[in-house]
Amino acid sequence: MCSSNSYNLSKGDLQVGANYRHFHSWRHFVGEEEQKQRQTLGNAVNIYSHAVDLSFTYGVSDRLQAYITIPWVHNERSQTLTLNKDTATKALTRYSLFAKGLADLRLGFDYWVTDPAKAHNGNLMVGFGLKLASGDYDTKDWALQKDGTKALAVNDQAIQPGDGGVGFSLQFQGFTQLYKNISGFANGYYLFNPKENNGAYKSAPKTGLAGYNLYACPDQYFIRGGVMTSALKHDNLTFSLAWRMEGIPAYDVIGGQVAYRRPGYVQAIESGITYHTGQHTINLFVPYNYKKNRIQSAADIADQNLQNSKIIDPSKFVHVQGDAAFADYSISLGYSYRFATKKKKSSAARNAVPFLIQNN
């Protein structure tokens, strides 16, 4: 769809793309409050994530297209431990655990509501997708133990390539010309992941909270909107500025909730640039997360209710809410090439879709 000639795929067109994404999460939050002491004490968990998505999109018709996305990830979790020999000094030893490989494949269909041949200044696309359980969700690595030895252990949920569940998504994207070479755009999706948990876990459950230690197959959501414009005298060079929000809810829309997850969301301001030449398209998007919020999870609430059920004085009730590490920003760099079956006339909205179609 990222073509310099038109914003839609014609029947028989094939677009091949690759997208690289990276982020480094290291700021810990409970709710919206940053736990700055984690940096001072040096015990912050750092997540380094690298992902490459290969995508293939085929024009079934001028309005309907089918796609498949094949993701590969390389994730690192850097964490600390106080060894038995360092108990007196409370010195921390930092070490890393790794997980890599094929992640969860995505495939589906998208459909333009209005015929692109008639809608030159705006259109809306709606879609349905499937997320397969192709990624490993219980990878293991050699974790450092307090006695200085290493033992093979299940990796943390944050770096697992997959979540173990088969889900389905509903998505939309659209654009409209606002003024001359300025257009507005929006896109979003919601991933429904009905499976309650994948059976993997790192530790035994707390007393009375059986099941909440099992890793969840969580829902996910994303929404984004903004404006874009082409550079003067350089119609193939476009810039965008958008607001975006993405996250994991505490409870799934479909399925059970007895599982472990770190729910939360970020809100970001995203800047982007896209360049077209012939059938080639290159784009770069960098969202900066100005708001980070680790909300209460189902496991937190169950633990809180269990503890408070044993407390007679309401003034001594406890509040349970875990933390999570967030990144300040992420990087998304993409390239695509379209194998077109026929030459199409340029339209005023030809640069709109590249700002919508990206692997989030």
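Coordinate-derived values only; no laboratory data. This is a predicted model, so every value here is computed, not measured. Cβ sites come from the backbone with ideal geometry, for glycine too, and all protein chains shown count toward neighbours.
Here are the numbers for the structure shown:
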{"quantity": "Electrostatic dipole magnitude of segment 14-355 [Cβ: Lys, Arg +1; Asp, Glu -1; Cα centre; debye, to 20]", "calculated": "740"}
{"quantity": "Filter on 146/202; 146/310; 206/292; 36/100; 85/150 - keep pairs with C-alpha separation over 26 Å", "calculated": "146/310; 206/292; 36/100"}
{"quantity": "Segment 14-355, relative contact order in percent, only Cα pairs under 8 angstrom and at least six apart counted", "calculated": "17"}
{"quantity": "Loop-resident sites, segment 294-346, for trypsin sites (Lys or Arg not before Pro), counting at most 13 other Cβ within 10 Å (DSSP)", "calculated": "310, 342, 343, 345"}
{"quantity": "Angle between the chain longest axis and helix 298-308 axis [Cα atoms, degrees, rounded to 10]", "calculated": "30"}
{"quantity": "Distance between segment 126-180 and segment 263-335 - C-alpha centres, whole angstrom", "calculated": "14"}
{"quantity": "Segment 54-164 shape via C-alpha gyration tensor axes, a/c threshold 1.5", "calculated": "prolate"}
{"quantity": "Stretchable slack from residue 120 to residue 319, in nm (0.36 nm times residue separation minus alpha-carbon distance)", "calculated": "66.2 nm"}
